[in-house]
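Peer 1: Sharing a structure here in structure tokens format.
The values are calculated or read from the model by the stated rules, or taken from the named source; none is laboratory data. All figures in this text were calculated on a predicted structure; none of them were measured in a lab. Neighbour counts run over all protein chains shown; Cβ positions are idealised from the backbone, glycine included. SASA here: full protein model, heavy atoms, side chains in, ligands and nucleic acids out. Shrake-Rupley method; radii C 1.70, N 1.55, O 1.52, S 1.80 Å.
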Amino acid sequence: MQTLPNKNPTQLKAWDALIKHFKKTSQISIEEHFKNDSNRLDYSVIRWDDFYVDFSKNRIDKKGFDLLLQLAEESGLKSAIDSQFSGVKINVTENRAVLHTALRSIKKEPILIEGENVLSVLDETQKKMYSFCNDVISGTWKGHTGKTITHVVNIGIGGSDLGPAMVVESLKYYKNHLDLRFLSNVEGDHHQEIIKDLDPETTLFVIVSKTFTTQETLSNANSIRAWFLNRAPESAIANHFVAVSTNTQKTAAFGISPENIFPMNDWVGGRFSLWSTVGLSICLAVGPKHFEGLLEGAGKMDRHFQETPFEKNIPIVLALLSIWYNNFYGAESEAIIPYTQYLRNLPAYLQQGIMESNGKSVGRDGIPVNYQTGTIIWGASGTNAQHAFFQLIHQGTKLIPADFIGYKKSLYGNKDHQNKLLANFIAQTEALMNGKSLTQVNEELRTSEMSPDQKEKIAPFKVFKGNKPTNSILIDSLTPTSLGALISMYEHKIYVQGILWNIYSYDQWGVELGKQLASAVLEDIEGMSSHKHDASTIALLKAIS
Ligand code: F6P
């Protein structure tokens, strides 16, 4: 069942060398690394397209960085990247290729799966999607009473929600008049809040489910359908319901007419699917031109990832640094801090992308791994995050490497606010690295009116140890293209880490058990059966009855 290299990273030569190097250098601070190496920025800044990526504020020297690169070479990363892009079935446990990159392929060179060029099929589907979106946006597409569409509800969960929702929010500046909403949770109250002020005559429902079997999405779609049919005739479904799925039989059974079905392929994973027809809501919100911009940006990053030497390859470098902290420093989590409100949903989106992909504990050899894998991802937009959890990053006991993402220019051009925003971005990365020593604190307290005794007591609380690692990802401005590149950058970082950790990043068996048990428990709640449970579960079931 092997289509990818199968190498336990801890048995690679570079791993051993990294352990030794870690022991030798782990006590050297980032500040000292700067002092020891006047050329540090030469290798730790990557300028690519409109990206400026500075990874110099990390606890690693050039030798350590080179060893990480060696680890990547030894792991067989290069051939793994080639396998992914050429359509090899690298999602072995699901027997699928992983080709979301084909959706944004710039080269347009044929990609063959079982003899068929997937690009030609994609072209047709894309044309259908663009023409539909143009019709809805322009008002050519009418609701059943002849009114134009004003509201769109995306019904989906996980990858069928998080990606589209995050991109629609991120590209708000480029949005048209359509009001986009996202119905994901099976919770009835969420459902009610989304539909309570909707007019069925002017609303379009986009049901998005790769499998068309997901309980939450089908429950929501069925309830919406019932709500709609209380207010409109059956024939009106054709004007107000469309579906995105690989399961065209089930969508047809739901009552969606064939021309309203936007197919997707099984070689596009749910959490990597916003580039496919799953992005229909994005395309409706910003129009095909901007959607194309998103694809173009992702495609450019794909090429950068495929063609750039490891040491200047942004996703690879970020992945290696993350492995350095995860596997050598024992860091458990990483923070993602976008300095723009537009990207406030990026951490939640990346939580699925990263944690569903790399939250695995069995190696590609089928044996439980003997090292740490997937990192915990969290974060929020800056500067809000500074007033929420930065205290813990600055002065807590845990090591939390953080990605700072910012844009040189704001979209509306307010210089005053933008300067303040970027001042905070830069000042935070500097403060996290340098901290504030007791000597500095005492110096600051010198002019204070406190008594010497008070000064001595307060001083330790004002010390910042510093030496907290950050990556600065600075981009010219937030455009569909630069957003596409940013998302693609993180997608590839995921894959690199999966390859080095010798795990399969593109399956998600870990979400299945909960789904199975939820069905059994639901039968118990509804009195249809009585499954065997533990004492705690039985008591919980009693408590809700
Ligand atoms: O949570 C598991 C999962 O399979 C995700 O990977 C996927 O994005 C989500 O459920 C939704 O699945 P579907 O699009 O098939 O409804």
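Peer 1: Can you figure out the FRET efficiency of residue 150 with residue 190, using R₀ = 22 Å and their beta-carbon distance, to the nearest 0.05? Mind showing how you got there, number by number?
Peer 2: Details: r = 21 Å, r/R0 = 0.96.
The value I calculate is 0.55.
Peer 1: If the viscosity is 1.567 mPa s and the temperature 4 °C, what translational diffusion coefficient in µm²/s does Stokes-Einstein give for the chain when Rh comes from Kirkwood over Cα pairs?
Peer 2: Values: Rh = 25.4 Å.
So the translational diffusion coefficient is about 51 µm²/s.
Peer 1: So how exposed is residue 42, as accessible area in Å² (1.4 Å probe, rounded to 10)?
Peer 2: 110
Peer 1: Okay, moving on. ³J(HN,Hα) across the range 529-538 via Karplus (A = 6.51, B = -1.76, C = 1.60, θ = phi - 60°), whole Hz, x for Gly/Pro?
Peer 2: Here the 3J(HN,Hα) series is 7, 9, 6, 6, 9, 7, 4, 5, 5, 4 Hz.
Peer 1: Quick one: which of 23/63; 57/409; 210/493; 63/312 span more than 21 angstrom between C-alpha atoms? Present the calculation step by step, with values, prior to reporting the outcome.
Peer 2: On the way: 23/63 13 Å; 57/409 23 Å; 210/493 24 Å; 63/312 16 Å.
Result: 57/409; 210/493 exceed 21 Å.
Peer 1: If one computes the Cα centroid of the range 432-484 and of the range 107-124, what distance in Å separates the two points?
Peer 2: Comparing the Cα centres of the range 432-484 and the range 107-124, I get a distance of 53 Å.
Peer 1: Can you find, among 70, 490, 348, the residue farthest towards the positive end of the dipole of the chain? Put +1 on the C-beta of Lys and Arg, -1 on that of Asp and Glu.
Peer 2: Selected residue: 70.
Peer 1: For residue 179, project a label point 7 Å along Cα to C-beta. Then give me every residue of the range 132-172 with its amide nitrogen under 13 Å of that point.
Peer 2: Only 149-153 fall inside the zone, counting backbone N under 13 Å.
Peer 1: Can you list residues whose amide H is under 5 Å from residue 207's amide H, if they're 5+ apart or on another chain and H is modeled 1.01 Å from N?
Peer 2: HN-HN under 5 Å from residue 207: 155, 242, 243, 244.
Peer 1: Another question, then. Rounded to the nearest 10 Å², what accessible area does residue 187 have for a 1.4 Å probe in the complete protein model?
Peer 2: My reading of the accessible area for residue 187 is about 90 Å².
Peer 1: Mind checking the full-extension length gain between residue 138 and residue 371? Use 0.36 nm per residue of separation minus the Cα-Cα distance, one decimal, nm. Don't jump to the answer; show the numbers that get you there.
Peer 2: Numbers: separation 233, 0.36 × 233 = 83.88 nm, distance 5.44 nm.
Length gained between residue 138 and residue 371: 78.4 nm.
Peer 1: Can you figure out the FRET efficiency of residue 23 with residue 398, using R₀ = 22 Å and their beta-carbon distance, to the nearest 0.05?
Peer 2: On the way: r = 21 Å, r/R0 = 0.96.
About 0.55, to the nearest 0.05.
Peer 1: Still on this structure, I have one more. With charges only on Cβ, +1 for K and R and -1 for D and E, what is the dipole size of the range 112-287 about its Cα centre, in debye, rounded to 20?
Peer 2: The calculation lands at about 220 debye.
Peer 1: What residue among 508, 422, 434 has its Cα farthest toward the positive end of the dipole of the chain, where the charges are +1 on Lys, Arg and -1 on Asp, Glu, each on the Cβ?
Peer 2: 434
Peer 1: If you stretched the chain out fully between residue 332 and residue 520, how much longer would it get, using 0.36 nm times the residue separation minus the C-alpha to C-alpha distance?
Peer 2: Stretched fully, the residue 332-residue 520 segment lengthens by 64.3 nm.
Peer 1: To the nearest 10 degrees, how steep is helix 118-138 against the longest Cα principal axis of the chain, on a 0 to 90 scale?
Peer 2: The answer is roughly 80 degrees.
Peer 1: Could you grab the relative contact order for the chain? Cα pairs under 8 Å, six or more apart, rounded to a whole percent. Walk me through the intermediate numbers first.
Peer 2: Numbers: 872 pairs, mean separation 101.5, N = 545.
So the answer I get is 19 percent.
Peer 1: Around residue 48, which amide H atoms from residues at least 5 apart in sequence, or from another chain, sit under 5 Å from its own amide H, with H modelled in the peptide plane?
Peer 2: HN-HN under 5 Å from residue 48: 53.
Peer 1: Sticking with this one: Can you order the peptides 219-225, 81-87 by their average number of other Cβ atoms within 10 Å per residue, highest first?
Peer 2: 219-225, 81-87
Peer 1: Along the range 446-461, what does the Karplus equation 6.51 cos²θ - 1.76 cosθ + 1.60 (θ = phi - 60°) give for ³J(HN,Hα), rounded to whole Hz, x for Gly and Pro?
Peer 2: Calculated HN-Hα couplings, in order: 3, 8, 6, 8, 5, 6, x, 5, 4, 4, 5, 6, 7, 3, x, 6 Hz.
Peer 1: Using a 1.4 Å probe, how large is the accessible area of residue 78, given in Å² and rounded to the nearest 10?
Peer 2: Taking all protein chains as shown, residue 78 has close to 90 Å².
Peer 1: With charges only on Cβ, +1 for K and R and -1 for D and E, what is the dipole size of the range 339-474 about its Cα centre, in debye, rounded to 20?
Peer 2: Approximately 200 debye in magnitude.
Peer 1: Additional query: On the protein heavy atoms, probe 1.4 angstrom, tell me the percent of accessible surface of the chain carried by carbon and sulfur. Could the numbers behind the result be given before it?
Peer 2: Numbers: 12710 of 24140 Å².
Here carbon and sulfur together make up 53 percent of the probe-accessible area.
Peer 1: Using only Cα atoms, find the angle between the long axis of helix 512-525 and the longest principal axis of the chain, and express it within 0 to 90 degrees, rounded to the nearest 10.
Peer 2: Relative to the chain, helix 512-525 is tipped by roughly 50 degrees.
Peer 1: List the residues whose amide H sits under 5 Å from the amide H of residue 407, counting only those 5 or more places along or on another chain, with H placed 1.01 Å from N in the peptide plane.
Peer 2: 475
Peer 1: Quote the FRET efficiency, to the nearest 0.05, computed for residue 415 versus residue 235 with a Förster distance R0 of 45 Å and r equal to the Cβ-Cβ distance. Walk me through the numbers on the way to the answer.
Peer 2: Numbers: r = 55 Å, r/R0 = 1.22.
Efficiency computed from Cβ-Cβ geometry: 0.25.
Peer 1: Once both axes come from the Cα atoms, what is the angle between helix 13-25 and the longest principal axis of the chain, in degrees from 0 to 90, rounded to 10?
Peer 2: 50
Peer 1: Provide the gained length on full extension for the span residue 16 to residue 226, in nm with one decimal, where the gain is 0.36 nm per separating residue minus the Cα-Cα distance.
Peer 2: On the way: separation 210, 0.36 × 210 = 75.60 nm, distance 6.16 nm.
Using 0.36 nm per residue and subtracting the Cα-Cα distance, I get 69.4 nm.
Peer 1: Starting at the first residue of the range 203-216, write each ³J(HN,Hα) from the Karplus equation 6.51 cos²θ - 1.76 cosθ + 1.60 with θ = phi - 60°, in whole Hz, x for Gly and Pro.
Peer 2: 10, 10, 10, 10, 8, 10, 7, 4, 8, 6, 10, 6, 3, 4
Peer 1: Can you give the charge dipole size of the chain about its Cα centre, rounded to the nearest 20 debye, using +1 on the beta carbon of Lys and Arg and -1 on the beta carbon of Asp and Glu?
Peer 2: Values: 54 positive and 58 negative charges, 195 e Å.
It comes to approximately 940 debye.
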